[in-house]
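S.K.: Please see the structure below; I have some questions.
The values are calculated or read from the model by the stated rules, or taken from the named source; none is laboratory data. Bear in mind the structure is a predicted one, so any value in this text is a computation, not a measurement. When we count neighbours, we look across all protein chains shown, and the Cβ atoms used for this are built from the backbone with ideal geometry, even at glycine.
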Amino acid sequence: MKADDLQQAVYTRLNNSAVTSLLSTAYSPLVAIFTDVPQSADGEAEANFPFITIGADTITPFDDKDKTGGNAIVQVSIWARATSMLGIKAIADAVDTRLRRQALSISGATHITTELESSTTTQDPDGKTKRVLSLYRVIYIST
């Protein structure tokens with residue numbers, strides 16, 4: 001299934017200055033990409049935004065007669081407190097540039113493709129937090 005290797009490959013691909021330079025948070029760009037929404041002492045602090053989470057994924061088999069593989073939907077969320085949607089959309093564009101149709105180094109697998117399935121921008125009920133929820137399809141075959 002390779003779920004852990006897939007998540008690490010997505011993290012590694014996103015942990016690049018083209019993306020992290022847009023994530024100037026109190027967490028610092030070195031740790032502004034998470035596997036879950038961080039729970040700091042003051043989660044509402046403006047300084048904690050923006051950040052990225054690589055969330056839940058769904059993996060179905062993508063096997064051939066000799067090898068196993070995966071057809072995964074990977075969730076990438078961007079969280080921001082900008083006064084405009086433009087800031088969060090710039091981060092979403094940087095994420096998309098780093099992921100869509102770009103090679104992923106998945107340990108023990110050959111990456112076939114990464115495609116954007118959907119991207120939805122919303123505003124949280126708090127009236128401050130904006131989120132872009134992007135779903136990427138990643139197809140790979142075990143080596």
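S.K.: Can you pull out every residue in the stretch 64-99 that is farther than 14 Å from Leu116 by Cα, without any contact (Cβ under 8 Å) to a residue 12 or more places away in the chain and of a type outside the set (S, T, N, Q)?
M.R.: If the condition is that a residue be farther than 14 Å from Leu116 by Cα, without any contact (Cβ under 8 Å) to a residue 12 or more places away in the chain and of a type outside the set (S, T, N, Q), then Lys65, Asp66, Leu86 are the ones that fit.
The rows are residues; the columns are (1) among the hydroxyl-bearing types (Ser, Thr, Tyr); (2) in contact with an Asp or Glu (Cβ under 8 Å, 6 or more places away or on another chain); (3) not in a strand (DSSP E or B).
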{"residue": "Ile59", "(1), (2), (3)": "no, no, no"}
{"residue": "Ile78", "(1), (2), (3)": "no, no, no"}
{"residue": "Thr83", "(1), (2), (3)": "yes, no, yes"}
{"residue": "Ala90", "(1), (2), (3)": "no, no, yes"}
{"residue": "Asp93", "(1), (2), (3)": "no, no, yes"}
{"residue": "Arg101", "(1), (2), (3)": "no, yes, yes"}
{"residue": "Ser107", "(1), (2), (3)": "yes, yes, yes"}
{"residue": "Arg131", "(1), (2), (3)": "no, yes, no"}
{"residue": "Tyr140", "(1), (2), (3)": "yes, no, no"}
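S.K.: Turning to a different aspect of this structure: If I go through the stretch 89-115 residue by residue, how many of them are surrounded by 16 or more Cβ atoms within 10 Å (Cβ to Cβ) and touching a Lys or Arg at 6+ places or on another chain (Cβ under 8 Å)?
M.R.: Qualifying residue count, the stretch 89-115: 6.
S.K.: Then there's this: Can you name every residue in the stretch 94-119 that is under 13 Å from the mean Cα position of the chain (by Cα) and polar (S, T, N, Q)?
M.R.: Thr97, Thr114, Ser118, Ser119
S.K.: Which residue out of Ala103, Ala32 is small (Gly, Ala, Ser) and at pLDDT 95 or above?
M.R.: Ala103
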